[in-house]
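**Student:** Structure provided below as structure tokens; questions to follow.
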């Protein structure tokens, strides 16, 4: 993380002051052009596209397997549990691809804000998941100190760091709430959780 994010920003800021970077152009392209590399934009675009394709591939793989695991535990429709002759959860894979196609279709409906909306909702979901993990860690240590004592890798400065992490998550949410572009996630994310709760309750009643 330090090398590819902080290090990259350090290189860019050492060449271009932060207040003179053109937001309409990639700062990486600007750096390559400054050192005289011809075709810098094409090279950066190639790297970005291959990275996006790799991330999409890993996302489709993990999502399809997650849906399959949920179906195996009776937390998702049983149709997602079906495997092909090569042990591939085809229905879960098709559903994952369908959702991606719907997101691509949204690009043509709200082209200006679809990325911000989806990334903001995903950010809130991740904050929720990581927040629950942090709280569960605190409860685990307090309710099962015998098991926590046997752990080889212990969290330092417990519980101070737990509260610090939760405070940081709250700071991120407040920061996103002040941005009109990301504020919509505050209204969309609760709808998403309510929909998941309704689906879970319906599945529970059917079972």
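**Student:** Give the peptides 79-88, 118-127 in descending order of average Cβ contacts within 10 Å, highest first.
**Tutor:** 118-127, 79-88
**Student:** Using bins 5 angstrom wide from zero, how does P(r) for the chain break down, in % of all Cα pairs?
**Tutor:** All Cα pairs, binned at 5 Å, distribute as 1, 6, 8, 11, 13, 15, 15, 13, 9, 5, 3, 1, 0, 0 percent.
**Student:** Give me the distance in nm between label points sitting 7 Å out from Cα along the Cα-to-Cβ direction at residue 160 and residue 101, one decimal.
**Tutor:** A separation of 5.4 nm, rounded to one decimal place.
**Student:** Answer rounded, prolate or oblate for region 111-207, using the Cα gyration tensor with square roots of eigenvalues a ≥ b ≥ c: rounded when a/c is under 1.5, else prolate when a/b is larger than b/c, else oblate.
**Tutor:** oblate
**Student:** While we're here: How high is the FRET efficiency between residue 179 and residue 132 when r is their beta carbon distance and R₀ equals 25 Å, given to the nearest 0.05?
**Tutor:** 0.55
**Student:** Gain in length, residue 25 to residue 3, computed as 0.36 nm per residue apart minus the alpha-carbon separation, to one decimal in nm?
**Tutor:** In short, 5.7 nm is gained.
**Student:** With a ≥ b ≥ c taken as the square roots of the eigenvalues of the C-alpha gyration tensor of region 54-155, please select rounded if a/c is under 1.5 and otherwise prolate if a/b is larger than b/c or oblate if it is not?
**Tutor:** It is oblate, given that a/c is not under 1.5 and a/b is not larger than b/c.
**Student:** Ok, one more. Rounded, prolate or oblate, given the Cα gyration tensor of region 3-121, with a/c below 1.5 counting as rounded?
**Tutor:** It comes out prolate by the Cα gyration axes.
**Student:** On a full-extension model of 0.36 nm per residue, what is the gain between residue 192 and residue 110, subtracting their alpha-carbon distance, rounded to one decimal in nm?
**Tutor:** Going from the current span to full extension adds 27.6 nm.
**Student:** Nearest 500 deg cm²/dmol is fine: what mean residue ellipticity at 222 nm does the chain get from its DSSP H runs of n ≥ 4 alone, each adding -39,500 (n - 2.57), divided by its residue count?
**Tutor:** Helix contribution divided over all residues of the chain: -25000 deg cm²/dmol.
**Student:** Using Cα springs under 10 Å in a Gaussian network model of the chain, which residue among 174, 114, 38 shows the largest mean-square fluctuation?
**Tutor:** Maximum among the listed residues: 38.
Here, each number is a calculation from the coordinates, and none is a lab measurement. On a predicted model such as this, the values are computed, not experimentally measured, just so you know. As a convention, Cβ positions derive from the backbone with ideal geometry for all residues, glycine included, and neighbour counts pool all protein chains shown.
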